[in-house]
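Contents: one structure, followed by commentary.
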2 protein chains.
Amino acid sequence: MLIGVPQETAAGEARVAATPETVKKLIAQGHTLRVQQGAGLDASVTDEAYAAAGADIVDRASAFGCELVLKVRSPDAGELALFKPGAVLAGMLNPFDRDGLQRLADARLTAFALEAAPRTTRAQSMDVLSSQANLAGYKAVMLGAFHYQRLFPMLMTAAGTIKAARVVVLGVGVAGLQAIATAKRLGAVIEASDVRPSVKEQVESLGAKFIEVPYETDEERQAAEGVGGYARPMPPSWLQRQQIEVAKRVAQADVVITTALIPGRPAPVLVTEDMVRAMKPGSVIVDIAAPAGGNCPLTEPGQTVRKHGVTLVGETNLPSLVAADASSLYARNVLDFLKLVLTKEGGFALPADDDIVTACLVAHEGQVLRQA
Amino acid sequence: MLIGVPQETAAGEARVAATPETVKKLIAQGHTLRVQQGAGLDASVTDEAYAAAGADIVDRASAFGCELVLKVRSPDAGELALFKPGAVLAGMLNPFDRDGLQRLADARLTAFALEAAPRTTRAQSMDVLSSQANLAGYKAVMLGAFHYQRLFPMLMTAAGTIKAARVVVLGVGVAGLQAIATAKRLGAVIEASDVRPSVKEQVESLGAKFIEVPYETDEERQAAEGVGGYARPMPPSWLQRQQIEVAKRVAQADVVITTALIPGRPAPVLVTEDMVRAMKPGSVIVDIAAPAGGNCPLTEPGQTVRKHGVTLVGETNLPSLVAADASSLYARNVLDFLKLVLTKEGGFALPADDDIVTACLVAHEGQVLRQA
């Protein structure tokens, strides 16, 4: 199969959907790889490295004009025009963006939105949300440490002792757990909060303290269980009590990392303006939920701002800031997914009964397939 | 004694020479403290915090018009005009800057350059070079991690393993040791080099590998012993052999942190342009020696640039990027030094036979005293 890897053009997007490692493996499976000139440069991969792996280095039109195109971000209108009708597309295609999916269908693409894979054991190795959230959690701590005017570790010096930073992590999914692990590496004292009581043990196993909020009704308890690994919106009564507990910790925190995302919805507010006002001057909030509006209403997505003496980091593409590793993991996710739709003969086939393929297939033969 | 704490005005200088902690202690010793309005803001210290510690919040002229003025950086011409003749000044006054010292003498100041303190046990608690270098070492790693497109720690994920970053630290003084410790915390694999064989054990005790270069002559051996804790310039023969060893490691490195400084001299070249050219795309060099011209000729002091695919960080005031902790340690250094020149009765007296005071006193009664 003729597989194309274009350079990403979304603003601030440094990742690339294939690496020399995955290019080599696809070629070994009998495919022909066309990589757009410079596609990997922002992720520290040279054209020479792709060529050495066996890829043809081509121009933009040739990379898009393949039977199968591997992308990181959903193609824009200009890119859609470069696809051949009937081509296959795999990428992070925003399965909750109804209009975007319609455009993919209108372009007659067979499109796989990899974010839509079920959260099953079999799908783990192609779970792009997890692989990228992991890196986001790491980088969020690095950004926090970059903007924070003190050290993370406790330091004993001849001029006296410096206290360890107090880090509060709100939302303990993949990103939150990696944020805890990274802050812990750096020597911070960490407290973490989440609506799912099940994460308490994980939090503690990483050396952080879990901020507990007791459940008072069955409704609260049921909501907390969640669905598909994600928390469901909690009842207002519980959220209010949690805010009180969290507010106390945030007021004492040096660095707050918020990670609460609910797929397809705006991010919930976890840190109010009043809470920011109560924080110490020089504190830092890194809002990983910035792409979904942020967990703090003062967050300005895409910006780093200072309000009430607090630095708010609203970076909307954290994985792209570690584009080399992010591309490496993403490309492996893509490679693993492709095993489900590429045949041994080097062709493409839609399996009839594969739950992962079915979940990811958002457009086919002119129709939007997913009901998000 | 009337003690003034002005706001620093040098470009990019966020530190302040006194903190509420040291203000409180000086007031308890019977002194009156005047802190310029906003002096601590860039170091996350509010006027309210100084006032609560007992300081008067004053304007610029009042802060400079005191009997004793505490500074971080040497005063510029405009600031010198604000001093009362005969006033006492303590700060980091560049004892190797002959013209600068002359200006202090011409202003009839009694001036103490705290960088000039001898490197003795008794002087440790007032060693500003060490306290600030320690923070520079930490922040250099944070900047390296900020610009590096991959992760520092090894990571095992469902999409496969990410390798740990290879960090090379050149020059293992206080900054280099803290850089090693910080990179180690983050999970990097570290190699370190220095002209003093005595640091090998310290390097290894922090979990890094020491890059050894054997000595072939007595001259090399003697030079390596060093004076006053600082390395003396090594003979060219040895430096050439070291460059060959270091070049091999740098070519494989992901992040290189250079820290080689010789007081009063331009920084030695440790990473040549050819060595940069041999590095992997996406590698990062953080040149802590940037204020002295840099350990790499491609470093642009004050800038972060990309050359031959390598990011070179030439930040010239790393401690100022962690201004809160840097001020805290610096202020304690200053407080400890002041004990040597402030009397129990709340006055000022030059002790006749104190080696620390003698070393630091660079100007007095119109004369430049130090022979740097």
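Answer yes or no: is there a residue in the stretch B:95-118 that is within 11 Å of chain A (Cβ to nearest Cβ), open to solvent by 10 Å² or more (accessible area, probe 1.4 Å), within 13 Å of the chain's Cα centre (by Cα) and among the charged types (D, E, K, R). Reasoning before the result, please.
In the first step, residues of the stretch B:95-118 are kept if they are within 11 Å of chain A (Cβ to nearest Cβ); the result is none.
Within the stretch B:95-118, not a single residue is within 11 Å of chain A (Cβ to nearest Cβ), open to solvent by 10 Å² or more (accessible area, probe 1.4 Å), within 13 Å of the chain's Cα centre (by Cα) and among the charged types (D, E, K, R).
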Within the stretch B:121-152, residues within 9 Å of chain A (Cβ to nearest Cβ), under 19 Å from residue B:311 (Cβ atoms) and either charged (D, E, K, R) or over 18 Å from the mean Cα position of the chain (by Cα) (or both) come out as B:139, B:145, B:146, B:148, B:149, B:150, B:151, B:152
If residue A:269 passes every condition in (1) within 24 Å of the chain's Cα centre (by Cα); (2) open to solvent by less than 40 Å² (accessible area, probe 1.4 Å) but one, which one does it miss?
(2)
What's the total number of residues in the stretch B:25-51 that are in contact with a Gly (Cβ under 6 Å, 6 or more places away or on another chain) and open to solvent by 40 Å² or more (accessible area, probe 1.4 Å)?
3
On the basis of being under 23 Å from the mean Cα position of the chain (by Cα) and either over 29 Å from residue B:96 (Cα atoms) or surrounded by fewer than 24 Cβ atoms within 10 Å (Cβ to Cβ) (or both), does residue B:321 make the cut?
yes
Residue set B:284, B:203, B:213; condition open to solvent by less than 60 Å² (accessible area, probe 1.4 Å) and within 27 Å of residue A:46 (Cα to Cα); output residue B:284
What residue, among those in the stretch B:1-18 that are open to solvent by less than 10 Å² (accessible area, probe 1.4 Å) and within 25 Å of residue B:349 (Cβ to Cβ), is farthest from the other protein chains (Cβ to nearest Cβ)?
B:4
Being of a type in the set (Lys, Arg) and within 14 Å of another protein chain (Cβ to nearest Cβ) narrows it down to one residue among B:370, B:306; which is it?
B:306
Hey, residue B:333 touching a Pro at 6+ places or on another chain (Cβ under 8 Å), closer than 17 Å to residue B:74 by Cα and within 14 Å of chain A (Cβ to nearest Cβ) or not
no
Is it the case that residue A:155 is closer than 18 Å to residue B:148 by Cα and facing chain B (nearest Cβ under 8 Å)?
no
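Determine if the stretch B:336-358 includes at least one residue that is within 14 Å of chain A (Cβ to nearest Cβ), assigned to a loop (DSSP other than H, G, I, E, B) and surrounded by 15 or more Cβ atoms within 10 Å (Cβ to Cβ).
Filtering the stretch B:336-358 down to residues within 14 Å of chain A (Cβ to nearest Cβ) leaves B:336-339, B:356.
Narrowing further to those that are assigned to a loop (DSSP other than H, G, I, E, B): B:339.
From what is left, the residues that are surrounded by 15 or more Cβ atoms within 10 Å (Cβ to Cβ) are none.
No.
Return the residues of the stretch B:32-53 that are assigned to a helix (DSSP H, G or I) and touching a residue at least 60 places away in the same chain (Cβ under 8 Å); say none if nothing qualifies.
First, pick out the residues of the stretch B:32-53 that are assigned to a helix (DSSP H, G or I): B:41-43, B:47-52.
B:42, B:43, listed by residue number.
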Among the residues that make up the stretch B:56-66, is at least one of them charged (D, E, K, R), at pLDDT 95 or above, assigned by the TED database to the domain that holds residue B:94 and buried (at least 17 other Cβ atoms within 10 Å of the Cβ)?
yes
Can you name the number of the only condition in (1) over 20 Å from the mean Cα position of the chain (by Cα); (2) farther than 30 Å from residue B:130 by Cβ; (3) within 10 Å of chain B (Cβ to nearest Cβ); (4) among the β-branched types (Val, Ile, Thr) that residue A:174 fails?
(1)
Count, please, the residues in the stretch A:313-330 that happen to be among the β-branched types (Val, Ile, Thr) and more than 9 Å from every other protein chain (Cβ to nearest Cβ).
2
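The values are calculated or read from the model by the stated rules, or taken from the named source; none is laboratory data. What you see is a predicted model; the values in this text were computed from it and never measured. Virtual Cβ from ideal backbone geometry, glycine too; neighbours counted across all protein chains shown. Each accessible area value is taken on the protein alone, full model and side chains, heavy atoms only, with ligands, DNA and RNA left out. Shrake-Rupley method; radii C 1.70, N 1.55, O 1.52, S 1.80 Å.
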